Amino acid sequence: MIVVALVVFYASRSLFQGLLLTLEHHIPRFLGALGAGSMGNSCVCRDDSGAEDNVDSQGRQTENSRAHIPEARSHPRDPVRPPRRGRGPHEPRRKKQNVDGLVLDTLAVIRTLVDNDQEPPYSMITLHEMAETDEGWLEVVQSLIRVIPLEDPLGPAVITLLLDECPLPTKDALQKLTEILNLSGAAACQDACHPAKHRNTTAVLGCLAEKLAGPASIGLLSPGILEYLLHSLNFQSHPTVMLFALIALEKFAQTSENKMTVSESCISDQLILLEKWTDNPDYLKRQVGFCAQWSLDNLFLKEGRQFTYEKVDLTNIRAMLNSNDVSEYLKISPHGLEARCDASSFESVRCTFCVDSGVWYYEVTVITSGVMQIGWATKDSKFLNH
């Protein structure tokens with residue numbers, strides 16, 4: 001019995017060792033075929049059309065055959081989460097997203113951001129990355145002009161935010177944009193029944209004039225663009241177009257040579273007519289009148305015209321906005337009861353009346369759309385225009 005048991009033991013061990021040798025010989029070949037099949041499927045799903053990726057995928061097919069394939073994302077990407085910079089060796093390229101869609105996504109999500117420390121929306125970061133090249137910058141600018149609706153109150157703010165954070169355009173990009181827009185006095189009269197395009201165009205010009213103050217701004221203010229902005233001040237234009245055309249001319253006037261050029265166009269004669277809208281019950285026209293009056297008092301002076309603050313009646317005004325306690329770029333009305341900000345920064349002003357006891361309240365009429373904050377402030381609070 002002992003002899004039989006030993007014979008069976010040795011025979012079983014030999015058979016088991018032979019089976020292991022067979023498996024060791026065939027398993028690598030089986031895994032290689034399985035890995036090649038997996039890589040083949042992933043190549044089919046890749047979104048690359050470039051020839052270099054086809055060559056690279058063939059060269060890396062064998063060495064990466066045992067690479068771990070991550071599980072598919074089970075939840076959508078957070079729209080506020082910034083994108084990853086670049087991609088790994090096995091990560092498929094992201095699809096080139098539609099620029100118009102990214103602009104509208106930014107417009108939709110920007111109103112939800114309330115804190116300076118919040119990350120910018122994914123769509124905004126993507127647009128900024130696209131604008132790092134001349135071609136991408138031109139696509140972003142044209143999309144801003146094309147798709148932002150007139151009725152959205154944050155439209156001009158989004159134009160300012162996007163262009164202010166984008167890299168400075170090159171001289172070639174500015175020249176190409178001028179050729180694409182092909183602005184002139186005649187162009188200001190075209191599509192008058194669709195003012196969104198003209199509002200967005202004048203808003204873009206104002207942002208660029210402020211961002212490029214200096215020689216680049218001088219080059220941007222071509223005769224065609226100056227004629228376009230001046231014709232946009234005609235009473236036949238939509239009040240919003242008139243408003244942003246006037247603001248653009250103010251921004252161009254930050255450069256002294258441009259200021260002389262605009263002043264020589266007899267703009268003050270047109271502004272005197274628009275100044276009559278300062279108390280208009282239509283709030284859009286009232287904004288145009290405010291900016292026209294401010295420009296006449298500070299930028300485009302009219303010979304023989306008395307400054308508004310010299311003739312305004314302050315008899316019944318006991319408190320006003322303090323022109324000596326205000327940040328740099330805020331516009332204050334001559335009677336000290338209205339303030340307006342057309343800069344890309346966040347400007348502030350305090351009142352001349354201090355409250356330290358009792359019960360008080362204030363009343364405010366909000367004339368404009370856009371982003372603003374109104375409230376109480378101590379005398380020690382700092383104005384930080386970021």
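At a glance:
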read-out: Tally of residues being in contact with a Cys (Cβ under 9 Å, 6 or more places away or on another chain) and open to solvent by 20 Å² or more (accessible area, probe 1.4 Å) across segment 131-155; value: 1
read-out: Check on F290, within 21 Å of N200 (Cα to Cα), within 27 Å of the chain's Cα centre (by Cα) and not assigned by the TED database to the domain that holds G206; value: yes
read-out: Single match in T255, T261 (criterion: open to solvent by 30 Å² or more (accessible area, probe 1.4 Å) and polar (S, T, N, Q)); value: T261
read-out: Pick from segment 134-172, criterion free of Cβ contacts under 8 Å to residues at least 60 places away in the same chain and polar (S, T, N, Q), ranking: farthest from V103 (Cα to Cα); value: T170
read-out: Which numbered condition L161 fails, given (1) more than 26 Å from Q236 (Cα to Cα); (2) buried (at least 16 other Cβ atoms within 10 Å of the Cβ); (3) at pLDDT 90 or above; value: (3)
read-out: Considering residues of segment 364-382 that are of a type outside the set (A, V, I, L, M, F, W, C) and surrounded by 10 or more Cβ atoms within 10 Å (Cβ to Cβ) only, the residue nearest to P281 (Cα to Cα); value: T368
read-out: Residue tally, condition in a helix (DSSP H, G or I) and either small (G, A, S) or open to solvent by less than 40 Å² (accessible area, probe 1.4 Å) (or both), over segment 115-129; value: 7
read-out: Segment 307-336, residues that are β-branched (V, I, T) and surrounded by 12 or more Cβ atoms within 10 Å (Cβ to Cβ); value: T308, V312, I317, V326, I332
read-out: Conditions (1) part of a loop (DSSP other than H, G, I, E, B); (2) of a type outside the set (S, T, Y); (3) more than 13 Å from the chain's Cα centre (by Cα); number of the one not met by P167; value: (3)
read-out: Residue in segment 178-194 that is closer than 20 Å to S217 by Cα, surrounded by 13 or more Cβ atoms within 10 Å (Cβ to Cβ) and in contact with a Pro (Cβ under 7 Å, 6 or more places away or on another chain) present; value: no
read-out: Segment 265-306, subset part of a loop (DSSP other than H, G, I, E, B) and in contact (Cβ under 8 Å) with a residue 24 or more places away in the chain, residue surrounded by the most Cβ atoms within 10 Å (Cβ to Cβ); value: F300
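For (1) modelled with pLDDT of 90 or more; (2) surrounded by fewer than 24 Cβ atoms within 10 Å (Cβ to Cβ); (3) assigned to a helix (DSSP H, G or I); (4) β-branched (V, I, T), each residue gets a yes or a no:
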residue	(1), (2), (3), (4)
N200	yes, no, yes, no
A209	yes, no, yes, no
A213	no, yes, no, no
I225	yes, yes, yes, yes
L229	yes, no, yes, no
L233	yes, yes, no, no
S237	yes, yes, no, no
M242	yes, no, yes, no
L249	yes, no, yes, no
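The values are calculated or read from the model by the stated rules, or taken from the named source; none is laboratory data. It should be emphasised that the depicted structure is a prediction, and the values quoted were computed from it without experimental measurement. So basically every Cβ, Gly included, is an ideal-geometry build from the backbone, and we count neighbours across all protein chains shown. Each accessible area value is taken on the protein alone, full model and side chains, heavy atoms only, with ligands, DNA and RNA left out. Shrake-Rupley method; radii C 1.70, N 1.55, O 1.52, S 1.80 Å.
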